1. Other chains' Cβ within 10 Å of B:119-129 residues: what's the mean?
2. Quick one: work out the % antiparallel among DSSP beta bridges in the protein assembly as shown, nearest 5.
3. May I ask you to sort C:Val159, B:Val239, C:Val176 by Cβ crowding, counting other Cβ atoms within 10 Å and putting the fewest first?
4. Considering only C:Ala119, C:Ala144, C:Ala100, give the residue with the highest GNM mean-square fluctuation for chain C, with springs between Cα atoms whenever their separation is below 10 Å.
5. Pairing the Cα long axis of helix B:126-139 with the longest principal axis of chain B, what angle in degrees results, from 0 to 90 and rounded to the nearest 10?
6. GNM, chain B, Cα, under 10 Å: largest mean-square fluctuation among B:Ser196, B:Ser188, B:Ser207?
7. Please work out how much length the chain gains when fully extended from A:Asn331 to A:Glu24, using 0.36 nm per residue of separation minus the C-alpha to C-alpha distance, in nm with one decimal.
8. Can you flag which of A:Lys140/A:Lys253; A:Lys253/B:Lys199; A:Lys285/B:Lys75; B:Lys108/C:Lys189; A:Lys69/A:Lys285 are past 27 Å Cα-Cα?
Amino acid sequence: MSDTSLRLGQTRPEPAAQSRDGAEIVLDVRDLRVSYYTPRGPVRAVNGVSFTLRRGEAFGLVGESGSGKSTIALSLMQLIKPPGRIEGGQALLDGRDILALSEEEMRRLRLAEIALITQGAMNSLNPVMRIRDQIVDAWKDHGEPVNGREAEDRIRDLLRWVGLRPEVARMYPHELSGGMKQRAVIAIAISLRPKVIIADEPTSALDVVVQRQIMQTLRRIQRELGAAVILIGHDMGLMAQFVDRLGVMYAGKVVEVSPVRDIFKDPLHPYTQLLIASLPSLARKGQLQGIPGLPPSLLSPPPGCPFHPRCPFVMDRCRVAVPLLELKRPNRLVACHLYERDEEQA
Amino acid sequence: MTTLLEARKVTKVYGGGLFRRDRTVALEDFSLRIEPEPPSITAIVGESGSGKTTLARLLLGMTMPTSGAILYQGKDLRKLSRREWRAFRRDVQAIFQDPYEVYNPFYKVDHVLELPIRNFGLAHSRRERRAMIEEALHAVGLRPEETLGRYPHQLSGGQRQRIMVARALLLRPRLIIADEPVSMVDASLRATILGSLLKLNQEFGISLIYITHDLTTAYQVSQDIIVLYRGSVVEAGDVEQVVRDPQHPYTRLLVGSIPLPNPDRVWQGERVLGRPAGELKPIGSSYCKFHERCPFAMPMCIEQAPPLFQTDPRRVTACYLYREAPAIEPEELVGVFANGHREQAAPRPEVQREGGAGGAGS
Amino acid sequence: MIAVPVSLERTHDRIGRVLRGLRTYPMLTAGLLLLLLVLSISLIGPLFVPREGVQVGSAPPDQRPSREYLLGTDTVGRQILAIIIYGTPLTLQIGLIAGAIGLGVGMVFGFVAGYYGGALDHLFRGAADVFLTVPGLLILVVIATTFKGAVSVMTQALVVSALAWMYPTRTIRSQVLSMRERGYVQLAKLSGMSGPEIIVRELMPNLLPYLAASFVSAVSAAILASIGLEALGLGPQNEPTLGMTIYWSLYYTSVLRNLWWWWAPPIVMIVIIFVGLFLISAGLDQVANPRLRRAA
């Protein structure tokens, strides 16, 4: 039977800081809800998302546009601005709800404990500041030394860590290539050794060769820091190569969470199955198979399971009741009525 | 039978003039021929800076080559008469990467479908026009009632791109140049759109030039492939051979860097190649552009740009590692391709690789 | 676009949409209301006040405002109320004609220069730049003084329009430059559209707010220039335009003689017109640039 402590989707405050297999949990997101208020009404971008992040693990959040994954990244950093609003839920970083913190307190946390690398992060570098100045810019807020020998040494070590030559410190962003800029952004993000790094599509603007190099660097750094990484993206291939556990998002909800090998070998949720089946492969030429239908409107989502209009296994139940994300197999969470039936028969 | 579209020793240089330093060679000495029959599918693969976008613009007549020529039915684009230019526009159409930018926000999406019909006089009454549009939409799997009469912002990126495919089909061109048609579309819709493109080729007999940075979709869609690196062809030929048994060090790097959606197949990247050979400074203006990153670089690589060595009836590689094989002229490249002839498809090669992409079987 | 017969329901929709639109753009609405006020004075006024009032000697001179002469009379016996009612539309006319000519020329130059580039661009943009640097009023004075005899309203409009085209040329050109590389323009070319067709059907509709704003500022500038000329006495002498009224009031030293009912009304009218035009222009800016809109 499913363990009640892991019956996610309900806001019951939990004291547990350990996941089922005993690994330590560093970030526990519970029933996060975020909406954007548009002239046409509220858009429920994140509609009750829960997941846990273990210390030092690489966790992937994969979904297509409109699935809500980038909104989650911004919410965890409390960077959601009107017309967006965090409607509910908690995000416990080492037991402390970071969504409930004031801006003042949050500012102390950003970079020092939780950092964000955004999409097109290369464009978020200030074009008129040297790289070293941008690195120390963040340190000022955290009371770290900004000048002097110690600072210079730290900067040099940091750059070397991300695979950049020390000369880069004195350069301006326009003198660097796309890959180098991304490394600089990673350097800034890890400069204060955070516990959690959120990487939202960090390589989407880069070529495939550079992408691999950056991801290798990120993985190495993550291991050396002992930090946990949430990798957000839409590239299943990238997820397969980088993450330990993968969460699949659809229409603002998490529909499946599993160790990455399990998901690719035996996807449980119909959306995951169709998604993996639609991936073009290099192994052999075959039929190109997309997912029929259209992504749902977040303005007026369909009742019941958001995927039911496109699901090949749809049942009557699916049109009416929202399936909860529950533990159905060892270590595997899925939100689908198909597996409820399995349970009842068990 | 006159060649439908030909690029003959085309070079495109940006900048230059009085200020030598700004000179970028986007494409160098490129040749390609697309015959009208049978309908072929050619993929052009390259990363940013490879020259593939420049090539698309040149082939569409949106920009003119610095040297060499683009020929439509044997005539230089720059010398076409007004009527010949219209015929060119009818025969050669395009699908662009960005499904947002191509729509004029002032008009409903019907506008992009009506424009070609009106301008080329394809229909003689409103009803005929409407029928043509509906037929094209059906062909790409869209329902007219759900798409027509809407503004672009009311439709998803995938729908908009499919409308673009429908639009390209309306003119019944003989060649469609698709420049990264699915890179800005969600994963679940990519396969559908690529399927539509294949349908255009198989059912409507339209040749395709599929330009992309994504080797995997290129492999799925096309028969012939050209790999570009910094404006030059590094490898070309039958897609099965080039992708599953790459020869040129750059192609091997490219294939090795693809993240496979299979956690047990670890991407290798440079491990496939090893470390770059070291400092080699080119002397003249003709040298292999990949030499700086190539672990196999030799002195001859910087003395003269490698020609296309035909290592196989259906494949060429521009690398001195294969200098034993006979060299061919760029104009002869067309002979290496299947160009739509199914019987000429080469047998799938036996592949020995250490991990990386494309082992024999799945 | 496929034409659809207009039914009553659609008209209701349209009216509803217009009203909602007005509420979203308060500045635009306020400006339009002010201009409407000015226009109504010009349209309704003649029903109550006979035109003879603008003629010299139609009434006793230097009368203070009274029940008979609501805005009093000037030193040569013209009734100020009549002057305002019949003179304002003349000033507006000059502004509108000159503004229209300025915009028209500016559109041709701007679109051609921006879209085709090359030699044409150098030609038109260069001309605009040169004319912009020359002191405007000086040119107008020179042009105006070469006209012998009485100047008509139409002539005045033409004179002023000589300076109304440069700014529209520049703004339209820069807008076109940024739109030229847009995807839908490339697509239109591929669909067989010719240059002029693309300009009219693809570029212009997206520029409507800018064109309207350009028109409004051209009109403002034209009215200002014409009033400036008239105040110097270089306007249509026989017409009671606002500027000429100011000229005459200065000529007869109305300020020293404290004939406030002579110089104040034209100024009030001019202020209302300019504030109205400014609000419309700012409102159009909001329409063109959604970020300036109040969050709906």
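Just so it is clear, none of the values below were taken in a lab; they were calculated from the coordinates. Just so we're clear, the structure is a prediction, and the values are computed from it rather than from any experiment. With ideal geometry, Cβ positions are generated from the backbone for all residues, glycine too; neighbour counts draw on all protein chains shown.
1. Mean inter-chain Cβ contacts per residue within 10 Å come to 1.
2. Numbers: 63 of 100 bridges.
About 65 percent, rounded to the nearest 5.
3. On the way: C:Val159 25, B:Val239 29, C:Val176 22.
Ascending number of Cβ neighbours within 10 Å: C:Val176, C:Val159, B:Val239.
4. Sorting by GNM fluctuation, first place goes to C:Ala119.
5. Taking the Cα atoms of chain B, the angle to B:126-139 is about 40 degrees.
6. B:Ser188
7. 109.0 nm
8. Working: A:Lys140/A:Lys253 38 Å; A:Lys253/B:Lys199 35 Å; A:Lys285/B:Lys75 37 Å; B:Lys108/C:Lys189 18 Å; A:Lys69/A:Lys285 31 Å.
In this structure, A:Lys140/A:Lys253; A:Lys253/B:Lys199; A:Lys285/B:Lys75; A:Lys69/A:Lys285 lie more than 27 Å apart at Cα.
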